[in-house]
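Encoded as structure tokens, the structure appears first; notes follow it.
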Amino acid sequence: MRLVGDDTDLELAERFCESHPMGHFMQSTKWAGVKSNWENEIIVAEGSSGEITGVLSVLIRKIPVFGNLMYCPRGPVCDIHDEDALRQLTEGAAFLARWYGAMALRMEPDVPEGDGAFRTIMESLGYQIRDKVKSSLDLIQPRSVFRIDLRGKTEEEIFAGFHKKLRYNIRLAQRRGVEVREGTKADLPVFYGLMEETARRDGFIIRPMEYYRRVWDELVPGHVKLMLACLDGRVVAAAIPVHYARRTWYLYGASATVGRSSMPCHLLQWEMIRDALRRGDEVYDLRGFLEITDENDPNSGLYRFKKQFGGELVRLIGEVYFAYKPATYALYRKAEKLYFAWRHIGTAIRRKIK
């Protein structure tokens, strides 16, 4: 085990992360640049010949009153059944916890909930697993995600797997003249304007404009695009997909109220899926929900929209954490849940006022 110490080390860790089957853009050094309000340390596990066998990108942030928290979104990147690699990464995290005086290491791995072998290894290493969540306030990353397997499939086969209503809506958008084009950094204000409009309409909170500029600056070229759906010369929908480790994630999206009946969002998703196929990606990840939803869920519209693309609904393991200061972390989790509950109430009020 070692910590990444120089630019050469950084490049090797990034190359490993991007080429590994468990590679995830949130574990990349580039994503750490997006999260510039966090400290970043990268732990590397090594094999007997010095080869890299695992990477864990750790974000570290000072939480008022409680102290430092270490967070690893979608980590670790390694063979999730390689106990030696997981042990080395755990030892590295423990070292960082002592160095920073952290209360806990918090991860939400990209591992299916039914992977008993991974669960057994992590618990043997001292981790606890919070998977009995009762609400979306218990996790940061989506617990359940829709994924389309692109491997060995043609555009025609993917399209045939869509719900018939979705296929109709895509064709309707094309008939009504909706066109999809790739945007540039100069189009980010247009995208942000749509985000503001969507947030007002649907009652949620968005990040400041500077955040999306950082996403662009850190991940372009090669990993991020801005895709725009236009109708009669006006941008009516926009999305930011992320390409990394032979996967594409639908990261952010927004739409104008005007023009929604022309189904620009449906065509926009289809064009992003087509782009992923051309790139040779293996998976198109529509992302999803903090908890599995259904037709009666408040997010049922979003659920139905993503479901009709025919992807598999994958339920992930939840939060895997190591509490170095158990009492402090338990208090922090209660305070965090209360904070997000108040935000949720505020969102509900905005929806009623709208």
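The values are calculated or read from the model by the stated rules, or taken from the named source; none is laboratory data. Quick caveat: nothing in here was measured; it's all calculated off a predicted structure. Note that each Cβ is placed from the backbone with ideal geometry, even for glycine, and that neighbours are counted across all protein chains shown.
Per the listing 133, 65, the residue uniquely more than 30 Å from residue 305 (Cα to Cα), at pLDDT below 95 and either within 21 Å of the chain's Cα centre (by Cα) or of a type in the set (A, V, I, L, M) (or both) is 65. The set of residues in the stretch 244-255 that are in contact with a helix residue (DSSP H, G or I) (Cβ under 6 Å, 6 or more places away or on another chain) and either outside the structural domain of residue 302 (by TED's automatic domain parsing) or farther than 16 Å from residue 306 by Cα (or both) comprises 244, 245. Determine the pairs where a residue that is more than 30 Å from residue 104 (Cβ to Cβ), located within the stretch 301-322, has a partner that is of a type in the set (Gly, Ala, Ser) and part of a strand (DSSP E or B) with Cβ atoms under 9 Å apart, the partner being 6 or more residues away or on another chain. Once the first residue is more than 30 Å from residue 104 (Cβ to Cβ) and sits in the stretch 301-322, its partners that are of a type in the set (Gly, Ala, Ser) and part of a strand (DSSP E or B) give 302/288; 303/288; 306/288. The C-beta contact set for the stretch 175-201 (first residue exposed (fewer than 13 other Cβ atoms within 10 Å of the Cβ), second residue in a helix (DSSP H, G or I) and of a type in the set (Phe, Trp, Tyr), distance under 7 angstrom, 6+ apart or interchain) comprises 185/216. Whether a residue is in contact with a Gly (Cβ under 7 Å, 6 or more places away or on another chain), acidic (Asp, Glu), more than 16 Å from residue 2 (Cβ to Cβ) and assigned by TED's automatic domain parsing to the domain that holds residue 17 was assessed, and residue 131 passes this test. Of everything in the stretch 2-39 that is of a type in the set (A, V, I, L, M) and in a loop (DSSP other than H, G, I, E, B), the residue that is nearest to residue 61 (Cα to Cα) is 4. Contact map, the stretch 42-61: first residue touching a residue at least 40 places away in the same chain (Cβ under 8 Å), second residue in a strand (DSSP E or B) and polar (S, T, N, Q), Cβ cut-off under 6 Å, separation 6 or more or different chains; pairs are 45/53; 60/68. Can you confirm whether residue 324 is at pLDDT 95 or above and under 18 Å from residue 23 (Cα atoms)? Considered against the rule, which asks whether it is at pLDDT 95 or above and under 18 Å from residue 23 (Cα atoms), residue 324 comes out as no.
Answer yes or no as to whether residue 141 is surrounded by 15 or more Cβ atoms within 10 Å (Cβ to Cβ), in contact with an Asp or Glu (Cβ under 8 Å, 6 or more places away or on another chain), of a type in the set (S, T, N, Q) and over 25 Å from residue 288 (Cβ atoms). So residue 141 fails the test.
One residue is enough: does the stretch 16-30 have a residue meeting the conditions surrounded by fewer than 18 Cβ atoms within 10 Å (Cβ to Cβ), touching a residue at least 24 places away in the same chain (Cβ under 8 Å), among the acidic types (Asp, Glu) and over 20 Å from residue 317 (Cβ atoms)? Looking for residues that are surrounded by fewer than 18 Cβ atoms within 10 Å (Cβ to Cβ), touching a residue at least 24 places away in the same chain (Cβ under 8 Å), among the acidic types (Asp, Glu) and over 20 Å from residue 317 (Cβ atoms), one finds none in the stretch 16-30, hence no.
Conditions (1) without any contact (Cβ under 8 Å) to a residue 12 or more places away in the chain; (2) surrounded by 22 or more Cβ atoms within 10 Å (Cβ to Cβ); (3) not assigned by TED's automatic domain parsing to the domain that holds residue 310; (4) not in a strand (DSSP E or B), marked per residue:
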residue	(1), (2), (3), (4)
229	no, yes, no, no
235	no, no, no, no
257	no, no, no, yes
277	no, no, no, yes
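For the stretch 205-253, a residue qualifies if it is in contact with a strand residue (DSSP E or B) (Cβ under 7 Å, 6 or more places away or on another chain), farther than 17 Å from residue 287 by Cβ and of a type in the set (Phe, Trp, Tyr), and exactly one does: 216.
Would you point out which residue out of 126, 75, 47, 92 is in the same structural domain as residue 32 (by TED's automatic domain parsing), over 29 Å from residue 306 (Cβ atoms) and buried (at least 17 other Cβ atoms within 10 Å of the Cβ)? Only one candidate qualifies: 92.
Which of the following residues is at pLDDT 95 or above, among the basic types (Lys, Arg) and surrounded by 13 or more Cβ atoms within 10 Å (Cβ to Cβ): 153, 165? Just one listed residue meets the conditions, 153. Does residue 177 satisfy the criteria of being in a loop (DSSP other than H, G, I, E, B) and either among the β-branched types (Val, Ile, Thr) or assigned by TED's automatic domain parsing to the domain that holds residue 32 (or both)? The answer is no for residue 177. Mind checking whether some residue in the stretch 138-153 is more than 30 Å from residue 62 (Cβ to Cβ), free of Cβ contacts under 8 Å to residues at least 60 places away in the same chain and of a type outside the set (Lys, Arg)? So far as the stretch 138-153 goes, yes, one or more of its residues are more than 30 Å from residue 62 (Cβ to Cβ), free of Cβ contacts under 8 Å to residues at least 60 places away in the same chain and of a type outside the set (Lys, Arg).
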